[in-house]
Each structure stands twice: as C-alpha cells, then as structure tokens.
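Asker: Handing you this structure, nothing more for now.
Every number in this text was worked out from the coordinates using simple rules, so none of it is lab data. Note that the coordinates shown come from a computational prediction; the quantities given were computed from them, not determined experimentally. Glycine also receives a Cβ, built like all others from the backbone with ideal geometry; neighbour counts cover every protein chain displayed.
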Amino acid sequence: MKQQILLTGGAGYIGSNTALELLNSGYEPVIVDNFSNSDETLDPRLDGVTVYKVDVTDRAALSAVFDKHDFHAVINFAGLKAVAVSVEQPLDYYENNLGGLITTLRVMEAHNVTRFVFSSSATVYDPAASLPYTETSATGHCNSPYGWTKYFAERIILDYAAAHPLFTATLLRYFNPIKGAIAEKPRGVPNNIYPYIRQVHEGLRDKLIVFGNDYPTRDGTCVRDYIDCTEIAKRHIAPLETEKPGAYIKNIGTGTGTTVLELIRQYEQENNCTIPYEFGPRRAGDIAECYC
Ligand code: NAD
Ligand code: WQD
C-alpha cells in the first residue's frame, strides 16, 4: 500500500508542486486546505488526489481527516505569507500560522503520527549574520510579523521534538521559489518578483519596477537565491524517509546569489522576450543580499 502523506496548505504553490512530486515518487498525497489563497480546482495533474476543505485551526475538522487515514507524515505548508499584510494585521498571522501549527501538532499527537516537515523560510536569518547563510547562522531580528511566525514556529517544533523522542521534525528553510511544474497564480498584484515578471511578459502589467539600484551589490540591485519550485518539491522526499528521530534543519536554496537585473536577463533569454522595467525607490524591509 502506498504511504499516505498529509499536505496542509497543499493546494497552494509549493504544496501543489510537492503533491505532484509525491505522486511521481510513489506516495499518496492527501490535501487539506481552506483555499484562503488558492483555487478549489487543482491542476489536472493532481486529479484523483483526495482533498479536504478544512481550516487547520479547526481541531475537530482536522481530527476527522486523521480518523479517515493512516498518515505516514505531515508536511505543513498551510500559512499566510504576505509580508506587508502581516505588518498591518499581525494577529491574523500569529493566529493562523501559529494557531494552525499547534492544532496540527496536537492532532498528530492524538493520532500517533510522528513525522513532520515544516515550510520555514530564509526570513528567519538575522540580517546581520554573514553570508552565505548556513543552517547554524544566527536567526532572529525578523523584519515582519510573518518572519516572526516562522521563527516562533521553528521554536515550537523544536521544543515539541525535544519532548517527544520518537518524533522526527524537519524544518526546511526555503530561499526564493520561482517557476515550478505548476506555476504560482497569485491573487491581485503579485508580491513576489517572479510572478510579477511573468505578468509583464503576459501583457497583464506594463512594466516591472525594480525596487532600488543603489544597493552595495555588483549592479546596485538586490541579490537573492532563486530556486526552482520543482527542485524545492523534490527536497521534501528525503525527510519522509529519515530513519533517526530528532530535529533536522535544512536550507533549501541553490547557494548562488542573483541580482534583480540578472534575473530579468535570465527570464528574457529563457522566454525569448523583453521585459520592460524602470528603477524605483527601495522597498521598505528589503535587505541587500540573501543566499545560502
Ligand atoms: P500559498 O499561499 O500558495 O500556499 C499556502 C496554502 O495554505 C494556501 O493554499 C492557503 O489557502 C492555505 N492555508 C492558509 N492558511 C490555512 C489554514 N488555516 N488552513 C488550511 N489551509 C490554509 O504559499 P506557498 O508559496 O505555497 O507557501 C507554502 C508555505 O511555504 C507557507 O507556509 C509559506 O510561508 C512558506 N514559504 C513560502 C515561500 C515563498 O516565497 N513562496 C518562502 C519561504 C517559505
Ligand atoms: C525579490 C527581489 C525585491 C518585486 C519574500 C519574503 C520571504 C520569502 C520569499 C516567504 C527583492 C525585488 C520585487 C518587484 C522588485 N517568503 N522586487 N520589484 O522579498 O526576497 O522574499 O519572498 O517566506 O520571506 O520576504 O522576495 O520576490 O518579493 O523580492 O524589484 O515588483 O525582487 O526588492 O530584491 P523577497 P520578492
């Protein structure tokens, strides 16, 4: 029988790419999502996958899903992720991202599910830490409530794992996801650069505004570690088979920094197009460089 893997938030961008990768690797993904940031109609390649419309903060509803399955592991993608919105509505972010995490761990505990993978983020690294960021680099001084939800979530998971010696927790700190077999379909104006560039290419937007060209980098624009979402998805497989219980932390990046202008040029070459852009002011909260 195929091993069943619960993906909370599995209808979203990284979750749906991971569901596809799990199918390709012989697992049976099961998706729980409240569709607050995704469509109820999934990519056709996920036809046949069991999907529940459930909010992970609803303990009874989540518990009912666990009653119907025998989960080998849970991958926690469920969360709100708009950095700027988190500054305006911090309680929504803490309530959803941390409340949902605690409820999920409670339900796992009640059902004796002992393997957990968590979508963390490069945003947990202290911007003052030296580059490249490694798993032992300092964390904290996050620049938004969103970032702090990831920081506190990691703490909660590490404390839970320490108290449960049979538990296996893997914290995956993603850098900047782009592309993927299933493209991101953001609602409204994209917050992230890659879907914005794609919308310029598709004619939905006139031009990209490059946020700042006076950073101390090789061309004055910010440097990030952009990683293909299909590669991110693949890196969720190994933690499902880790043999020794305990807590593991892993960066999920390429190890190469790319400037905004280099990213635009790469996109233009790969898609044989021109992306019009203009320089604008720096965006509040951006750091000059981030790569692992
Ligand atoms: P996404 O918004 O596309 O997917 C998240 C999914 O979670 C959505 O389908 C949403 O409807 C669902 N969700 C939110 N709250 C829920 C709740 N209470 N109950 C059930 N479902 C809920 O985001 P993504 O880019 O796929 O990110 C997945 C995870 O990875 C998130 O936790 C995010 O914070 C983290 N992450 C993302 C990035 C990135 O740049 N995309 C980088 C680092 C970490
Ligand atoms: C990348 C670069 C912008 C839009 C965010 C979160 C982080 C993580 C990944 C979840 C920056 C520049 C952007 C635009 C631009 N998410 N840019 N014009 O800010 O590195 O990371 O997503 O954990 O926590 O903060 O990603 O894609 O928003 O920006 O010039 O219209 O593109 O200034 O240098 P970021 P991003």
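Asker: For the chain, take the longest principal axis of its alpha carbons; what is the angle in degrees between that and the long axis of helix 59-68, to the nearest 10 within 0 to 90?
Answerer: Rounded to the nearest ten degrees, it is 70.
Asker: Let me ask you something else. For the chain, build the charge dipole from Cβ charges (+1 Lys, Arg; -1 Asp, Glu) around the Cα centre, then report which of Ala238, Asn76, Ser38 sits farthest towards its positive end.
Answerer: Ranked along the dipole, the leading option is Ala238.
Asker: Moving on. Cross-link candidates for Lys2: which lysines have Cα within less than 17 Å, leaving aside residues fewer than 8 places away along the same chain?
Answerer: Within the straight-line limit of under 17 Å, Lys2 reaches these lysines: Lys68.
Asker: What is the spread of the Cα atoms of the chain along each of their three principal axes, largest first, in whole Å?
Answerer: Computed over the Cα atoms, the extents are 54, 41, 35 Å.
Asker: Which Cα, out of Met108, Gly147, Val200, lies furthest along the positive dipole direction of region 77-214 (beta carbon charges, K/R +1, D/E -1)?
Answerer: Selected residue: Val200.
Asker: Which whole-angstrom value gives the distance between the alpha carbon centres of region 101-115 and region 51-67?
Answerer: For region 101-115 versus region 51-67, the Cα centre distance is 12 Å.
Asker: If a/c stays under 1.5 just call it rounded; otherwise compare a/b with b/c (prolate if a/b is bigger, oblate if not). Do that for region 1-113, with a ≥ b ≥ c from the square roots of the Cα gyration tensor eigenvalues. Each step should come with its number before you reach the end.
Answerer: Working: a/c = 2.14, a/b = 1.29, b/c = 1.66.
Oblate is the answer for region 1-113, as a/c is 1.5 or above yet b/c matches or exceeds a/b.
Asker: If the only charges are +1 at each Lys and Arg Cβ and -1 at each Asp and Glu Cβ, what is the size of the charge dipole of region 200-292 around the Cα centre, to the nearest 20 debye?
Answerer: Numbers: 11 positive and 15 negative charges, 50 e Å.
In total the dipole reaches around 240 debye.
Asker: Rounded, prolate or oblate, given the Cα gyration tensor of region 158-210, with a/c below 1.5 counting as rounded?
Answerer: Numbers: a/c = 4.28, a/b = 3.53, b/c = 1.21.
Prolate shape, in that a/c is at least 1.5 and a/b is the bigger ratio.
Asker: Continuing with this model, one more query. Quick check on the chain: of the DSSP beta bridges with both residues there, what percent are antiparallel, nearest 5%?
Answerer: Values: 3 of 43 bridges.
Here the antiparallel bridges make up roughly 5 percent for the chain.
Asker: Report, in whole Å, the centroid distance computed from the Cα atoms of region 1-38 and region 195-272.
Answerer: After rounding, the separation between the Cα centres reads 22 Å.
Asker: Taking just the alpha carbons, could you work out the radius of gyration and Dmax for region 162-291, both in angstroms?
Answerer: So, for region 162-291, Rg and Dmax equal 17.6, 54 Å respectively.
Asker: Expressed as a rounded percentage, what relative contact order does region 146-224 have, with Cα pairs under 8 Å and six or more residues apart?
Answerer: Here the relative contact order equals 14 percent.
Asker: Please name which of Tyr267, Thr221, Tyr133 has its Cα lying farthest along the dipole of the chain towards the positive end, using unit charges on Cβ (Lys, Arg +1; Asp, Glu -1) and the Cα centre as origin.
Answerer: Value computed over the given set: Tyr133.
Asker: Shape of region 225-290 from its Cα gyration tensor (a ≥ b ≥ c, root eigenvalues): rounded if a/c is under 1.5, otherwise prolate when a/b > b/c, or oblate? Before the final figure, lay out the partial values.
Answerer: Working: a/c = 4.08, a/b = 1.91, b/c = 2.14.
Oblate.
Asker: Ok, one more. Tell me the angle of helix 260-271 to the major Cα principal axis of the chain, expressed in degrees between 0 and 90 and rounded to the nearest ten.
Answerer: 80 degrees
Asker: Please list, ordered by chain and number, the residues whose modelled amide H lies under 5 Å from the amide H of Thr50; skip anything fewer than 5 residues away on the same chain.
Answerer: When sequence neighbours closer than 5 places are left aside, the close amide H contacts are Ile31.
Asker: Treat every Asp and Glu Cβ in region 90-234 as -1 and every Lys and Arg Cβ as +1, leave all other atoms uncharged, and give the resulting dipole magnitude about the Cα centre to the nearest 20 debye. Write out the running numbers ahead of the final one.
Answerer: Numbers: 14 positive and 15 negative charges, 62 e Å.
The dipole magnitude comes to about 300 debye.
Asker: Oh, and also: Among Val117, Val87, Val74, which one moves the most in a GNM of the chain with springs linking Cα atoms closer than 10 Å?
Answerer: Highest fluctuation among the options: Val87.
Asker: Something else: Calculate for the chain the 222 nm mean residue ellipticity that helices alone would give, adding -39,500 (n - 2.57) per DSSP H run of length 4 or more and normalising by residue count, nearest 500 deg cm²/dmol. Present the calculation step by step, with values, prior to reporting the outcome.
Answerer: Values: 9 runs with 90 residues, N = 292.
Here the helix-only value at 222 nm equals -9000 deg cm²/dmol.
Asker: Dividing the Cα convex hull volume of region 70-123 by residue count, how many Å³ per residue is that?
Answerer: Values: hull volume 3.8 nm³, N = 54.
Taking the convex hull of the Cα positions in region 70-123, it is 71 Å³ per residue.
Asker: Roughly what % of DSSP beta bridges within region 55-196 run antiparallel, to the nearest 5? Spell out each step's value before the answer.
Answerer: Details: 1 of 11 bridges.
If we restrict to bridges inside region 55-196, about 10 percent are antiparallel.
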